[in-house]
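Colleague: Dropping the structure in here first, questions after.
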Amino acid sequence: MENIKITRKNPENLPAPVGNYTHITKIPRNAELYVTSGQVGVDQNGQFPKSMNEQISNTFTNIKTILQSEGLSTENIIKVNIWATENIDWEFLYSQWQQLFSNDYPAMTVGYIVALGIPEIKIEIEIWAAKV
């Protein structure tokens, strides 16, 4: 399987993404697929900070830990689903996003919802990854 890799593109006849994501992420046949449960802003002590930005930081830390546990890097991420119960500070989230992804963005969906699994959770991020 020489030179087979995950590819990302934005079709020329489609409006550019409105954020830091790619319209299409394609995985090759026979790739291993990894799907995480939604990662939340809980810290190492099992506590949820009150601020959304602190929860975002913790969530990205938890995502990095999960990826490392499976020998994955951000290059393996093919899809991100983000759910939030309050407005996201996109400047802050994208600063965390840039540390994780550089400019090699996966496909992404964002939804604002009334509540998540427990009242303390303000944001939840699910990762889909593939290893070629």
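The values are calculated or read from the model by the stated rules, or taken from the named source; none is laboratory data. Keep in mind that this is a model prediction, so the values were computed, not measured. For neighbour counting, all protein chains shown are included, and Cβ atoms are generated from backbone atoms with ideal geometry for every residue, glycine included.
Colleague: Let me spell it out: the conditions are (1) charged (D, E, K, R); (2) modelled with pLDDT of 95 or more; (3) under 20 Å from Ser102 (Cβ atoms), and Glu54 meets all of them except one. Which number is the exception?
Modeller: Unmet condition: (3).
Colleague: Might you check whether a residue that is loosely packed, with under 15 Cβ neighbours inside 10 Å, under 13 Å from the mean Cα position of the chain (by Cα) and part of a loop (DSSP other than H, G, I, E, B) occurs anywhere in the stretch 42-50?
Modeller: no
Colleague: Same structure, new question: Given the conditions (1) surrounded by fewer than 18 Cβ atoms within 10 Å (Cβ to Cβ); (2) of a type outside the set (Lys, Arg); (3) part of a loop (DSSP other than H, G, I, E, B), and given that Tyr21 satisfies all but one, which numbered condition is not satisfied?
Modeller: Single failed check for Tyr21: (1).
Colleague: Residues in the stretch 28-41 that are more than 16 Å from the chain's Cα centre (by Cα) and surrounded by 14 or more Cβ atoms within 10 Å (Cβ to Cβ): how many?
Modeller: 1
Colleague: Let me ask something else. Could you please give the count of residues in the stretch 77-111 that are assigned to a strand (DSSP E or B), closer than 19 Å to Val40 by Cβ and touching a Lys or Arg at 6+ places or on another chain (Cβ under 9 Å)?
Modeller: Selection size over the stretch 77-111: 3.
Colleague: Let me ask you something else. If I filter the stretch 55-82 down to residues being under 13 Å from Val110 (Cβ atoms) and touching a Ser or Thr at 6+ places or on another chain (Cβ under 9 Å), which single residue comes out as surrounded by the fewest Cβ atoms within 10 Å (Cβ to Cβ)?
Modeller: Asn81
Colleague: Looking at the stretch 71-88, is at least one residue among the acidic types (Asp, Glu), on the phi < 0 side of the Ramachandran plot and modelled with pLDDT of 95 or more?
Modeller: Within the stretch 71-88 (the criterion being among the acidic types (Asp, Glu), on the phi < 0 side of the Ramachandran plot and modelled with pLDDT of 95 or more), the answer is yes, since at least one residue qualifies.
Colleague: Go through Gly71, Gly41, Gly19 for me and flag whichever is within 19 Å of Val132 (Cβ to Cβ), small (Gly, Ala, Ser) and in contact (Cβ under 8 Å) with a residue 60 or more places away in the chain.
Modeller: Testing whether each residue is within 19 Å of Val132 (Cβ to Cβ), small (Gly, Ala, Ser) and in contact (Cβ under 8 Å) with a residue 60 or more places away in the chain leaves just Gly71.
Colleague: Can you tell me which residue in the stretch 120-132 is surrounded by the most Cβ atoms within 10 Å (Cβ to Cβ), limited to those that are among the β-branched types (Val, Ile, Thr) and more than 30 Å from Asn30 (Cα to Cα)?
Modeller: In this case the residue turns out to be Ile123.
Colleague: Got a number for residues in the stretch 83-119 being among the acidic types (Asp, Glu), surrounded by 11 or more Cβ atoms within 10 Å (Cβ to Cβ) and over 23 Å from Ala129 (Cα atoms)?
Modeller: Going through the stretch 83-119 one residue at a time, the tally reaches 1.
Colleague: Residue check, Thr65 against (1) of a type outside the set (Lys, Arg); (2) free of Cβ contacts under 8 Å to residues at least 12 places away in the same chain; (3) part of a loop (DSSP other than H, G, I, E, B), all met but one. Which one?
Modeller: (3)
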